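This report concerns only the one structure given below.
The values are calculated or read from the model by the stated rules, or taken from the named source; none is laboratory data. Predicted model, so just to flag it, every value in this text is computed and none were measured. Glycine also receives a Cβ, built like all others from the backbone with ideal geometry; neighbour counts cover every protein chain displayed.
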Amino acid sequence: MAADYAAFRPTYPPAFFAAFARRCAARNVVWDCGCGNGQAALDLAAQFARVEASDASGAQLAQAVRHPRIRYRQAPAQASGRAGASVDGVLVAAAIHWFAGPDFTTEVRRVARPGAAMAWIGYLPLRLGCAPLQARLDRFYDADLAPWWPPQRQLVDRAYADLEFPGREWPFPRELWIERHWDLARLLGYLGTWSAVQAAREQGVEPLAELGRELAGHWPEQGATPLLVRWPFMGRWGRIG
């Protein structure tokens, strides 16, 4: 899974990281919590002097791209190992639904310096411009994978609205999208990183084979033509309180 995440998961709008850095009281140190393979860490490194990136998964960290301003550490979100009052910002990319709660909030408040900001970012289900393709993907997401989605998926679908934010929030940017041009093989590679697909496979069910054949019937050149794939970028951010 870690290699597939690195290969197929989309990165985030660079404009957001610049806006996030401007909201922090300083740009010395930022904590990328639940960093996975370091996708967001690379964008943070363009805005901060040092990025402290952590993840509970050693396999994910093994796939992370190295950078002179990024230091990776294997640690759970609730026990980062960071010194108190040591970071100017905290960012969680597509992971807050796995560990949000009182223990993580306590850790964030412990490591945050005065004026530190925090952002939870992610994206909603993808959108394609072709109606038959979109309808089949919607059915795959909502119905075919329904037995396999973990409960935390609902938090993502609701843009983290059900979580308690530990600070004073700001209105989150609504105009940003993630966009890629992908052929069908690339799209299926991305779908293979979904937790529900992995859960189905662990039970001996391969959900992508039939889906790939159905999508190929509506995709130009049987899937060979790249199409525009868009994800609504979403999240929450604010001053840590």
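Couple of notes before you dig in:
- Condition met for residue 237 (in contact with a strand residue (DSSP E or B) (Cβ under 6 Å, 6 or more places away or on another chain) and surrounded by fewer than 18 Cβ atoms within 10 Å (Cβ to Cβ)): no
- For the criterion of being of a type outside the set (Lys, Arg) and without any contact (Cβ under 8 Å) to a residue 12 or more places away in the chain, residue 183 fails.
- Residue 52, sole failed condition from (1) without any contact (Cβ under 8 Å) to a residue 40 or more places away in the chain; (2) closer than 21 Å to residue 173 by Cα: (2)
- Yes/no for residue 175 being farther than 20 Å from residue 235 by Cα, among the charged types (D, E, K, R) and either surrounded by fewer than 13 Cβ atoms within 10 Å (Cβ to Cβ) or touching a Cys at 6+ places or on another chain (Cβ under 9 Å) (or both): no
- Taking first residues from region 136-149 that are more than 18 Å from residue 214 (Cβ to Cβ) and partners that are modelled with pLDDT of 95 or more and in a helix (DSSP H, G or I), the Cβ contacts under 6 Å between residues at least 6 apart in sequence or on separate chains come to 148/196; 148/199; 148/200; 149/196.
- Close Cβ contacts (under 6 Å, 6 or more residues apart or on different chains) running from residues in region 56-73 that are surrounded by 13 or more Cβ atoms within 10 Å (Cβ to Cβ) to residues that are at pLDDT 95 or above and of a type in the set (Asp, Glu) comprise 61/55; 71/52.
- Failed condition for residue 26, given (1) in contact with a strand residue (DSSP E or B) (Cβ under 9 Å, 6 or more places away or on another chain); (2) closer than 24 Å to residue 98 by Cα: (2)
- Within region 204-219, being more than 25 Å from the chain's Cα centre (by Cα) and either over 14 Å from residue 183 (Cα atoms) or free of Cβ contacts under 8 Å to residues at least 12 places away in the same chain (or both) holds for 204, 205, 209, 210, 213, 214, 217.
- Every condition in (1) more than 21 Å from the chain's Cα centre (by Cα); (2) surrounded by 15 or more Cβ atoms within 10 Å (Cβ to Cβ) is met by residue 194 except one, and the failing one is (1).
- Subset of region 122-159 that is among the aromatic types (Phe, Trp, Tyr) and out of contact with any helix residue (DSSP H, G or I) (no Cβ under 6 Å at 6 or more places or on another chain) - its residue that is surrounded by the fewest Cβ atoms within 10 Å (Cβ to Cβ): 141
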